[in-house]
1. Applying the selection to region A:242-292, what residues are part of a loop (DSSP other than H, G, I, E, B) and within 11 Å of chain B (Cβ to nearest Cβ)?
2. Restricting attention to region B:203-220, and to residues there that are at the interface with chain A (Cβ under 10 Å from one of its Cβ atoms) and among the hydrophobic types (A, V, I, L, M, F, W, C), which single residue is surrounded by the most Cβ atoms within 10 Å (Cβ to Cβ)?
3. Go over the candidates B:V130, B:V93 one by one and state the one that is surrounded by fewer than 23 Cβ atoms within 10 Å (Cβ to Cβ), at pLDDT 95 or above and either closer than 20 Å to B:L68 by Cα or of a type in the set (A, V, I, L, M) (or both).
4. Condition (residue is away from every other protein chain (no Cβ under 14 Å), in a helix (DSSP H, G or I) and within 30 Å of B:H290 (Cβ to Cβ)) applied to region B:75-83: is it met by at least one residue?
5. Looking only at region B:142-164, decide whether some residue is at negative phi, surrounded by fewer than 14 Cβ atoms within 10 Å (Cβ to Cβ), within 10 Å of chain A (Cβ to nearest Cβ) and of a type in the set (K, R).
6. Answer yes if at least one residue in region B:5-14 is within 17 Å of the chain's Cα centre (by Cα), farther than 21 Å from B:L109 by Cβ and in a loop (DSSP other than H, G, I, E, B), and no otherwise.
7. If we scan region A:128-140, do we find a residue that is within 13 Å of another protein chain (Cβ to nearest Cβ), modelled with pLDDT of 90 or more and part of a helix (DSSP H, G or I)?
8. Kindly evaluate A:G82 against the criterion of being modelled with pLDDT under 95 and at positive phi.
Amino acid sequence: MRVGDELLALAKAGGDGTIFVVGIGRDAGKTTTVRAIYFAAVRKKLRVALASVGRDRGTLGDGAAKPRLWLSPGTCFVSAVGVLPQSPACRVFRVSSLQTPSGNILFAGVETPGPYEVTGPPTAAGMRDVIAELRERSDLVIVDGAVDRVAALAGTRGAVIVAAGAADSATVAETALDTGALVARLRVPGFDAEAPGITVENALTETLVGRFIAERESRQIVVNDPTQIALRGRAAAEAFARLRIRCRRPLRVVAATVASAAAERQFEPVDFGTAVANATQLPTFDVYRGARAA
Amino acid sequence: MRRSKLLDRPTAELIGFSWLVDAVAPLSAYGERSFSEVTPFLAGDESAARSRARRIVELAAALDPGRLEALRALLRDVPDVAAALAGAAIGDVLSDPAFLELRRFCATLARVDSLVADSGQFEPLCNAAVRGVGDALATGQRDDATSFYLADAFDDGLAVARQRRADAHAEFQALRGREEQRIAAALDREDLGDEFIVMRGELRGDLPAGVHVIREAPTYFLCRAQYDEATVTALQRRDAADRSAAQAEEEVRARLSVVVRERAVEVSAAGAALGELDVLVAAAVYARRHGCTAPDISAEPTLEFEQARFLPLEEQLALAGREFTALDVRLDGAAVLTGPNMGGKSVCLQTCGFVALCCAYGLPVPATRARAGLFDQIAWLGLGRDERIGGLLSSFAREVLALKEVFERAAPRLLLLGDEFARTTTPHEGRALLIALLERLRSRSACAMLATHLGGVAAASGARHFAVRGLRSIPQPSGDERIEQVLATLGASMDYRVAEVGEAESATGDAIALADLLGLDRDFIAAAYRAVAQ
């Protein structure tokens, strides 16, 4: 079974027809993962819609264009007035009032197969509106995400796939640790309404966690959703080990993918896949090898 | 909606200008542009102001709530095509999103026309240019202005170029697909990505032909499929076909842009008319919602109304489950207003200001009847205008400077609303200042209402005297000291209506009773009553 088919099957089981691919950093293989799921969905004749939460690469200063996706007719995608290709011409459904550095967000439909740049609004609230509209226009919405934009996931019942790449950290172990911490953060269990708890309305920060640990807090620490948890790496690992962090609206993280080849370095693919699978306890796929990693 | 010189910022806030602006704000970008140009009518414009207010009332009556809401929904969603029209006018080739917005704009204008057609209130918005642009952009479209696609029907050459492109793509895909399938089969995989990893340990023999190694690592190869000569040739043909199709598409856009350019001025005029309609519809919604009537705009600087309401307060009271007591006032010069604390003197002044404000902008008035002149200046003096404590100036000094400004501007038609002017100086001198002010205002034929607790001012100045009727009876403290409860008790006992009275009928003070009601201790209240009796 192809990787895309497996990821699609995992994501669609019990989901609401939305898949978020969230990378732990740049060049984590998100776009390759999105592409694999997209082609699998197109093969199944699903009406697919695509959006991107990621920050424009141009704004990161590296000047590189956002990777384009080869899209098939019938696909709906989010673009912006300034980046919609003049050719092949698309069907333009709606120009929204949401703004990006590339102009107003718009909804377009592919009429001619070709490479298209998928983009999205810069805010989490905007992304939620965009997803709501895409869901009306499609059977499946795929969102190319970013780790610093997980707030866009708040309240979603969609599936989350975490992408890890060799560009993220210097070693396999470090990357696996970061990926595990992100997954632990996103997979925070639902809270127990019968058990005592402390509700955290705003961000659960390192400072706040430090205070709870110092006070040997044993009650549930309840956040509304995992995107409120502003912890990374070792701080996150320690918090999850020592506190009972829970959330009201859990996310559904279904799989991880690995991209062992990056411009900066390469990881040994099998070792990397195994390490990420162990750290996340998720079905893990190597999108470059076209195989299940572990 | 501009304040212009009609009123300064503190006065505007006190008499509900911002509230009114929000209440009559249009919804579309065109409406906003038109609204931003709205200025108060000035003396001499009485007929125009009267006509505008009547037109709004007629519009509110002619269009039922369902139709008004349908209109509002269209106006809320109408795209702003000003930038596209400006671009077309200077020869830009417009983009497909711009064509969609123009298409939606033209369709919206047609829908607005059909909604108001039988009301007899508006000229049709759709002129020949709007129809021309709408028709041109509808070519080959499969739906009702909910999308735009540069369809083949726009141009035969476009269809041909696209067919060539499709053929070239199919040829290239077939060749590349075959090549990729061959490589994938050789590697025992189902498909290949743009780049793919082959593990050395999983490789039986050499890498298949047509695989280009990007990077070689001890345990794997990072690869990409390499095109053979036939595929490369097909790719070149595909790229050439892409360029031809792109050129054909751009030529169609250029032709459509010329269609827009030739009609840009008239389409812009239709947009401006839409803006004016939006402004009128917003005012009609306001008039209907608040039961407003068209005022009679007088050539004299006068202000009179029956059953008028100060809408910003009425809205607040409604939230608290209470009702506003509508007021009647006839003001044709300078007058004095007296009444108990919390009796509604300030609200009476605000109602005067609000009614005058509506008239100034040709808006219907929240009253059963109103007649007012067009004032050059509406000014608020005294309490509420500047509540700062500290600074270089005392509150009295700030009041005096505000009055000085009013005198220096010498607006020919002035409406002055004074709330306890000179309350912070000695009663003796405060009264003298008020009497002098009333005399000055009368000499200038100004319209004014000055609220005060000081006695004998109206009689001494010869001004008319209005009074809030005040407490019907002294309410007894219920023991429930919650402010909502106290206000409810007070509201039930207070007659907020205003009536013209003689000096002898001036209301007696209710301050100690109110202090009692508000929860001051009984010993203190008793001491106050003893002091009054002495």
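1. Passing the criteria: A:S260, A:A262, A:A263, A:R265, A:F267, A:E268, A:V287, A:Y288, A:R289, A:G290.
2. B:A217
3. B:V93
4. Yes, that holds for at least one residue.
5. So far as region B:142-164 goes, yes, one or more of its residues are at negative phi, surrounded by fewer than 14 Cβ atoms within 10 Å (Cβ to Cβ), within 10 Å of chain A (Cβ to nearest Cβ) and of a type in the set (K, R).
6. Checked against the condition, which is being within 17 Å of the chain's Cα centre (by Cα), farther than 21 Å from B:L109 by Cβ and in a loop (DSSP other than H, G, I, E, B), region B:5-14 yields no hits at all.
7. Yes - at least one qualifying residue is present in region A:128-140.
8. no
The values are calculated or read from the model by the stated rules, or taken from the named source; none is laboratory data. If you're wondering where the values come from, they're calculated on a predicted model, not measured in any experiment. Every residue, glycine among them, receives a Cβ derived from its backbone with ideal geometry; neighbour counts consider all protein chains shown.
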